[in-house]
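Novice: Below: one structure in structure tokens.
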Amino acid sequence: MTIDIRGLAKGEFRAWYRVVESAFADEPNEAALTANERIFEMPRVLVAADGERMVGGAGAFTFRLTVPGGEVAAAGVTAVGVLPTHRRLGTLTALMRRQLKDVQAAGEPVAVLWASEGSIYQRFGYGLASLSSSLEIDQARASFRTPQPPAGTLRMVEEAEAARTFPAIYDAVRAVTPGFIDRPGDWWEAEVLPDPEYRRRGAGPRFLVLHEVDGSPEGYLDYRVKSDWDEVGSKSSLLVRELMPATTRSSRELWRFCFGHDLIATVKGGIQPPDHPLLLMLDEPRRLRLMAGDGLWLRILDVPAALKGRSYRTADSLTFELRDGFLPEQAGRWTLDTTGDAVSVARTEAVAEMTLDTTDLAAMYLAGFSATDLVRAGRCEGSSEAGIRKADALFAWDRRPWCPFIF
């Protein structure tokens, strides 16, 4: 059996998308197909074909990724799947190899994705770059440690007004938060704001709330309610889909809204920041059930361009030995130097102070994990203590990385 990896032909998208959905044991509906036809970049879609039959595929979006002190071009890898009839035949490996080569050719120094299983993508050099959390709290026990009067106003808005006001708020947060990606083109109108029935999963319609201070938008909330009643009353849950404050006071007011919503027993939220501010805002933080898990996975494809694209906390130099089993041309000894007017990254013959895998470098890249974290996990073997301390200081940042939505 020979599996060919090729581009998507004209008119094949719907059939291709059904194949990928079948790989996840799912079935696309018309609303999902229509939305994805608007946002998918057809020239970046890959097909795995067994003769005339499509048996798998992978896609990529053209994004900008916020990194410490700046942003870089990034391929947002999505819709990767192979039919169960063609598993363990090297099909996924062939797809990944072709896709990563295409990303390099496009001049994007990194690729990012949300993994169905992290073990799959670590084989291809993706490292865990950020964490994500889910939260749940009984509304009756959700009170602030220091009561303060409300600031500004909250009002419900329709989708059209949200499309005009929400993106600027999102971009304000994106500018200062590593791990954020932009939402170009039709993303807001086609994917983020619409409320098709298939997304509700037993809950009610989506509601949109805008927080303003003196007429200036500072934050927004996208939520729905899952109703649940018994003979005593409401056991309903308020489900936070996206809560995006551009200011500290907006964060407080939007959570105040959630905690004060009538006929709600529990407030829940997914894809939340791992270092959640509610832990320090609540009077009884133990009542906040916060569960952390993997967030964004990142693959470095151009070591110099990726490392030059971010800022560093100290002026220093670090020589490291990089291992990369999937793309060996990235491996070797490199020196990162931040002492000059511009960051430099070059190959070197100098003695390495640190030895790490490309997945380790990805974990450090957004400042999601430190070199010390990696050593504690049994990684970066053969590194000197001085090299680890130097890497900790260089790669540190004041904000933990967080990506707020799955693409």
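The values are calculated or read from the model by the stated rules, or taken from the named source; none is laboratory data. Nothing here was measured: the structure is a model prediction, and the numbers come from that model. FYI the Cβ positions are ideal-geometry reconstructions off the backbone, even for glycines, and counts take in every protein chain you see.
Novice: Out of 197, 158, report the one residue that is farther than 16 Å from residue 405 by Cβ, among the charged types (D, E, K, R) and at pLDDT below 95.
Specialist: After ruling out the rest, the residue left standing is 197.
Novice: Please give the number of the condition residue 17 fails out of (1) surrounded by fewer than 18 Cβ atoms within 10 Å (Cβ to Cβ); (2) closer than 22 Å to residue 183 by Cα; (3) hydroxyl-bearing (Ser, Thr, Tyr); (4) modelled with pLDDT of 95 or more.
Specialist: Only one criterion is unmet by residue 17, namely (1).
Rundown of residues vs (1) closer than 16 Å to residue 271 by Cβ; (2) surrounded by fewer than 15 Cβ atoms within 10 Å (Cβ to Cβ); (3) touching a helix residue (DSSP H, G or I) at 6+ places or on another chain (Cβ under 9 Å), yes/no style:
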position	(1), (2), (3)
135	yes, no, yes
149	no, yes, no
152	no, no, yes
176	no, yes, no
182	no, no, yes
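Novice: Ok, one more. Which residue, of 152, 204, is at positive phi and not polar (S, T, N, Q)?
Specialist: The match here is 152.
Novice: Let me ask something else about it. Yes or no: residue 81 touching a His at 6+ places or on another chain (Cβ under 7 Å), of a type outside the set (Lys, Arg) and either modelled with pLDDT under 95 or not in a loop (DSSP other than H, G, I, E, B) (or both)?
Specialist: In short, no.
Novice: Have a look at 310, 249 and point out the one that is touching a residue at least 12 places away in the same chain (Cβ under 8 Å) and in a helix (DSSP H, G or I).
Specialist: After applying the criteria, what remains is 249.
Novice: List, please: which pairs have Cβ atoms under 8 Å, are six or more places apart or on different chains, and start with a residue in region 183-203 that is within 21 Å of residue 167 (Cα to Cα) and end with one that is of a type in the set (Val, Ile, Thr)?
Specialist: Listed by first residue and then by second, the contacts come to 183/192; 184/62; 185/39; 186/39; 187/39; 190/39; 191/39.
Novice: Suppose we filter 209, 173 for residues that are among the β-branched types (Val, Ile, Thr) and either farther than 30 Å from residue 311 by Cβ or assigned to a loop (DSSP other than H, G, I, E, B) (or both); which single one remains?
Specialist: Result: 209 is the single residue among 209, 173 that is among the β-branched types (Val, Ile, Thr) and either farther than 30 Å from residue 311 by Cβ or assigned to a loop (DSSP other than H, G, I, E, B) (or both).
Novice: Another question, if that's okay. If I go through region 10-53 residue by residue, how many of them are of a type in the set (A, V, I, L, M), under 27 Å from residue 88 (Cα atoms) and free of Cβ contacts under 8 Å to residues at least 24 places away in the same chain?
Specialist: Qualifying residue count, region 10-53: 1.
Novice: Could you check how many residues of region 292-302 are surrounded by fewer than 23 Cβ atoms within 10 Å (Cβ to Cβ) and either free of Cβ contacts under 8 Å to residues at least 60 places away in the same chain or assigned to a strand (DSSP E or B) (or both)?
Specialist: Residues meeting the conditions: 3.
Novice: Return the only residue of 275, 316, 283 being of a type in the set (Asp, Glu), farther than 29 Å from residue 223 by Cβ and in contact (Cβ under 8 Å) with a residue 12 or more places away in the chain.
Specialist: It is 316.
Novice: Being in contact (Cβ under 8 Å) with a residue 60 or more places away in the chain, within 18 Å of the chain's Cα centre (by Cα) and within 26 Å of residue 287 (Cβ to Cβ): is that true of residue 154 here?
Specialist: In short, no.
Novice: What number of residues in region 51-68 are surrounded by fewer than 21 Cβ atoms within 10 Å (Cβ to Cβ), over 20 Å from residue 101 (Cβ atoms) and in contact with a Gly (Cβ under 9 Å, 6 or more places away or on another chain)?
Specialist: Qualifying residue count, region 51-68: 0.
Novice: Now for a separate question. Taking region 258-291 as the search range and keeping residues that are aliphatic (A, V, I, L, M) and either at pLDDT below 95 or surrounded by fewer than 14 Cβ atoms within 10 Å (Cβ to Cβ) (or both), which one is farthest from residue 229 (Cα to Cα)?
Specialist: That would be 280.
Novice: Test residue 355 against the criterion of being at pLDDT 95 or above, over 27 Å from residue 180 (Cα atoms) and in contact with a Cys (Cβ under 9 Å, 6 or more places away or on another chain), and give yes or no.
Specialist: Spelling it out, residue 355 is indeed at pLDDT 95 or above, over 27 Å from residue 180 (Cα atoms) and in contact with a Cys (Cβ under 9 Å, 6 or more places away or on another chain).
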